[in-house]
Amino acid sequence: MRYKPGEYLYQTFFEPSDFKGVDAWLTQNGVTQNDKILAAFDPNPNTLLYFLNRRGCRTFDHNLSYVSGKLDLYHNLVTNDSLQFFKQYPETRNHLAFKSAYNKWSLYNLK
């Protein structure tokens, strides 16, 4: 990596090690590389999707209408913070079913 932790220009929210094994985990849980997902939370536009090796949309601070619309289209949510997601979007709780967890990642499917 070009910049190291502790340096001012090191402004990443994710470490490469955060994604080790995630591609295989998603595939084993029925989310192929051709499936689109909603990824939460990604403060850098589409960085999370790139590292998850999936297509779709990301959210960080979008409104409920946006998030609900994307879930209706994609049926899969991958999040690095389930507590924050359901706190920010409590209306989605009854529409999502927990599928699997891997390290800091959780996968939910639309019911």
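A few comments on the model shown:
- Residues whose placed amide H lies under 5 Å from that of Phe41, excluding near-sequence neighbours: Asn80, Asp81
- Once the Cα atoms are used to define both axes, helix 64-74 deviates from the longest principal axis of the chain by about 80 degrees.
- For the stretch 37-110: rounded, prolate or oblate by the Cα gyration tensor [a/c cutoff 1.5]: rounded
Every number in this text was worked out from the coordinates using simple rules, so none of it is lab data. None of the values given here were measured: they were computed from a predicted structure.
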